[in-house]
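Here, each number is a calculation from the coordinates, and none is a lab measurement. These numbers were taken from a predicted model, which means no experiment stands behind them. In this analysis, Cβ positions are derived from the backbone assuming ideal geometry, glycine residues included, and neighbour counts consider all displayed protein chains.
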Ligand code: NAD
Ligand code: UDP
């Protein structure tokens, strides 16, 4: 198949490009390099089945494809809040442009949605039936509401135009190829520990997240795209929950770092807890994560040790 990946030069996108090329597909990677980098796809440039184009999903584009994975959107709070209006445009206009392309080419189209659609959740763990608790005017809304609107567009194109959609909601995922300045918690703690800088816990560190290793997640992507049982939304994430304090302690232990732990103010609207209910992923995709946090952290730490 010929497969388009928007945001293909980013952290998740570059792993997906690699996986689909290994399966023998042709891959077109479209990226404006806002948070992605050519370094992430450098090793793929010699592959005759790989093409990349610098383009912004906010502007329309044409190509003939069989499948589309729509990943274009900054994912770290630091980066998506840098230009909030652009973040909403990327999610909403990007979805409209990709869905228009899918409609014209009859391509199946996949949306990388997010656990952020649940906001600061009142239901725990979060299942797909929960409608969420998002502050529509807060600092995270540019991302949360952009992604929620994208989901709405996907389901409206599906109902109204018969577009063949697949929607997943990704919970915190980490691994090699996150940027050093990504700003998300796993890469921040690892980079700080390796440099001997203070490890910055926001708030008292009792807030929780569930961390999925990138290889597990990409396997879930491909399973979701290539099954016909459900269009989604389906949660993909690791159901084991950690506090940020536990994560910091684990990173210090594995790196053997002398870094001290310091506390900084908790950002506005920071969700207090987050853990996926993955019953649907297990039922429809036969999927569950295999990599434990300590194991995944080790390979991520190896990656950062090499590039720092
Ligand atoms: P990332 O920031 O590394 O990748 C995003 C990619 O999209 C980058 O290469 C960036 O340059 C590109 N991009 C951004 N705006 C664009 C635009 N207007 N036009 C074209 N390209 C654009 O983040 P990631 O972690 O790889 O996330 C990929 C997708 O998965 C995102 O849509 C994100 O919302 C979603 N997601 C990720 C996580 C996670 O934990 N990693 C969790 C939930 C959802
Ligand atoms: N966080 C932290 N220190 C950091 C970066 C993040 O304590 O250096 C916290 C953040 O406040 C949040 C959690 O870690 O509670 C996860 O943050 P991240 O930005 O990775 O993603 P989120 O799940 O909030 O989108």
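At 7 Å along the Cα-to-beta-carbon direction for both residue 226 and residue 266, put a label point, then send me their distance in nm to one decimal.
About 4.3 nm separates the two model spin labels.
If you stretched the chain out fully between residue 58 and residue 38, how much longer would it get, using 0.36 nm times the residue separation minus the C-alpha to C-alpha distance?
5.2 nm
Over 5 Å intervals from 0, what percent of Cα-Cα pairs in the stretch 108-156 sits in each interval?
Each 5 Å bin holds this share of Cα pairs: 5, 21, 30, 23, 15, 4, 1.
Which whole number in µm²/s is D for the stretch 138-205 by Stokes-Einstein, with the Kirkwood Rh taken over Cα pairs at 4 °C and 1.567 mPa s? If you can, show how the numbers build up before the last one.
Details: Rh = 15.2 Å.
So the translational diffusion coefficient is about 85 µm²/s.
Given only helices, namely DSSP H runs of n ≥ 4 each adding -39500 (n - 2.57), what is the per-residue ellipticity at 222 nm of the chain, to the nearest 500 deg cm²/dmol?
Counting only the DSSP helices, I get -12000 deg cm²/dmol.
For the stretch 199-308, taking Cα atoms only, what is the radius of gyration to one decimal and the Dmax to the nearest whole Å?
Rg, Dmax (Cα atoms, Å): 16.3, 50.
How big is the Rg/Rh ratio for the stretch 83-208, C-alpha atoms only, Rh by Kirkwood, two decimals?
1.04
Kindly give Rg over Rh for the stretch 1-97, based on alpha-carbon atoms, with the Kirkwood expression for the hydrodynamic radius.
Computed over Cα atoms, the ratio is 0.96.
Please check: in the Gaussian network model of the chain (C-alpha springs, under 10 Å), which one of 293, 12, 236 has the largest mean-square fluctuation.
Comparing 293, 12, 236 in the GNM, the peak value goes to 293.
How many nm is it between the label spots at residue 1 and residue 303, if each spot is 7 Å from the Cα in line with the beta carbon?
Going from the residue 1 label point to the residue 303 one covers 2.4 nm.
Can you tell me what share of the DSSP beta bridges in the chain is antiparallel? A percent to the nearest 5 is fine.
10 percent
Take residue 106 and residue 127, extend 7 Å from each Cα along the Cα→Cβ direction, and tell me the distance between the two endpoints in nm.
With each label placed 7 Å out from Cα toward Cβ, I get 3.7 nm.
In whole Å, what is the distance between the alpha-carbon centres of the stretch 115-163 and the stretch 55-109?
Value for the Cα centre distance between the two parts: 16 Å.
Suppose the chain between residue 202 and residue 46 were pulled fully straight at 0.36 nm per residue; how much longer would it get relative to their current alpha carbon spacing?
Length gained, residue 202 through residue 46: 51.9 nm.
Of 169, 48, 148, which has the largest mean-square fluctuation in a 10 Å C-alpha GNM of the chain?
Looking only at 169, 48, 148, the biggest GNM fluctuation is shown by 48.
Mind checking which of 109, 254, 278 has the largest fluctuation in a GNM of the chain, springs on alpha carbons under 10 Å?
Taking springs between Cα atoms under 10 Å, the residue moving most is 254.
Where the Cα atoms of the chain are projected onto their three principal axes, how long is each span, largest first, in whole Å?
Principal extents (largest minus smallest coordinate, Cα): 55, 45, 38 Å.
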